[in-house]
Amino acid sequence: VALGSRRRVLIMHVFSDDDRMDVTIKVRGGVVGLSFSPEGDILAMGGWDAMVSLIDPVTGDIFSRLEHDFMVASLSWSPDSQFIVTGSFDNHAYVWHVDSSEMRQQLTGHTGPVLGVQYSRDGTMIATGSGDATCKIWQPKSEEKQEDFCLIKSKPKFSVQLQYLSVCGRHAGIAHSSGTGTFYDLDTGAQLGSVRHPDEETSKEEEDAISAQIVHTLHCIAFAPDCSRIVTAGHDCTARVWDAKTKEELVVFRGHASELASAVFMALFSPDGTLIASVSNDKTIRVWDSFTGEEKICFEGNAPAEGSIEDTGFFFAIAWSPDGKGIGGGLYDNRCVV
């Protein structure tokens, strides 16, 4: 498990039967993104300190840092683990060579922070999503220079701000601040439908008022490994699974809903697609059966430290290890409990 907080990352082997030790890593700022390399031998951590740190998940040693000028908002590994693409609050995305820690290309064109980046699963595309309400698609200029990307298309502006981006095959899912997730064909740009979290507890008038305040934000959208299903996480305190083709709702996960929670920030399928892990400001990571909705495991975060007036000990981000034996969640404050 890799767990990120404002001041540290905790790596825990929660689903493993071996005797590896848990590792705690101190960091200089908040953790925005955590992602294991496809082989699982490197953990990339991006955050408020304008760095992407490359970490040995066994020892916890930081062996390289990719320096940015502004805060890192998102990151994604290439399928062969040779490159990382990062999105930054300076409105650019960057392609980095992992072994040399060199920045190979700056992807320029957005006019807002690059909040979502993702390699396609075959490594032939990079998708970037921005606070400027656009999504751009990039491809290598040639087979000889796979790290040298050029812009091939830019989706015209959406009506609301993009929150999260997910790519599976030649399809992209985009989560919006309106509470809607929309899907696109990356080759043609055609829209392939949409999903939306309903608000079952309010009247139409109340829902309109709430929507105006953008508290129905869809925080996350992610495909299952085989691209057949989609999971979304929203400000209605639920995660939901949908059929990727028909957009029919299949399962609703309601376990986070409580007087403590106001949102589910992220939900992701396990590498084999059988489980879903979700995080919320109810201070828990919950693991679910992705087909039945049964809750399998619940990890709880800390209460505030004694004498503290802040109550920020909730999980904000999550990542699965490639072997599916570990999960990681980032706490918003400087403490973490599993």
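Before moving on, here are some points about what is shown:
- Qualifying residue in segment 55-76 (condition: among the small types (Gly, Ala, Ser), at pLDDT 85 or above and over 16 Å from the mean Cα position of the chain (by Cα)): yes
- Selection within segment 28-38 - open to solvent by 30 Å² or more (accessible area, probe 1.4 Å) and either of a type in the set (A, V, I, L, M) or modelled with pLDDT of 90 or more (or both): VAL32, PRO38
- Residues that are surrounded by fewer than 15 Cβ atoms within 10 Å (Cβ to Cβ) and either within 20 Å of ASP41 (Cα to Cα) or without any contact (Cβ under 8 Å) to a residue 12 or more places away in the chain (or both) within segment 86-115 comprise ASP99, SER100, GLU102, listed in sequence order.
- Selection within segment 47-68 - of a type outside the set (Gly, Ala, Ser) and part of a strand (DSSP E or B): MET51, VAL52, LEU54, ILE55, ILE62, PHE63, ARG65, LEU66, GLU67
- Count of segment 116-135 residues which are open to solvent by 20 Å² or more (accessible area, probe 1.4 Å) and either within 20 Å of ALA224 (Cα to Cα) or among the charged types (D, E, K, R) (or both): 4
- Close pairs from segment 277-296: first touching a residue at least 60 places away in the same chain (Cβ under 8 Å), partner buried (at least 24 other Cβ atoms within 10 Å of the Cβ) and not small (Gly, Ala, Ser), Cβ under 6 Å, at least 6 apart: SER290/ILE276
- Flag for VAL287 being modelled with pLDDT under 80 and surrounded by fewer than 23 Cβ atoms within 10 Å (Cβ to Cβ): no
- Of all residues in segment 181-199 being hydroxyl-bearing (Ser, Thr, Tyr) and assigned to a strand (DSSP E or B), the one that is nearest to the chain's Cα centre (by Cα): THR182
- Number of residues in segment 227-243 that are over 19 Å from GLY179 (Cβ atoms) and surrounded by 21 or more Cβ atoms within 10 Å (Cβ to Cβ) equals 1.
- Subset of segment 268-281 [more than 16 Å from SER228 (Cα to Cα) and surrounded by 23 or more Cβ atoms within 10 Å (Cβ to Cβ)]: ALA277, SER278, VAL279, SER280
The values are calculated or read from the model by the stated rules, or taken from the named source; none is laboratory data. Here the structure is a predicted model, which is why all the values come from computation and not from measurement. Glycine gets a Cβ as well: all are built from the backbone with ideal geometry, and neighbour counts include every protein chain shown. Heads up: the accessible areas ignore ligands, DNA and RNA and are worked out on the full protein's heavy atoms, side chains in. Shrake-Rupley method; radii C 1.70, N 1.55, O 1.52, S 1.80 Å.
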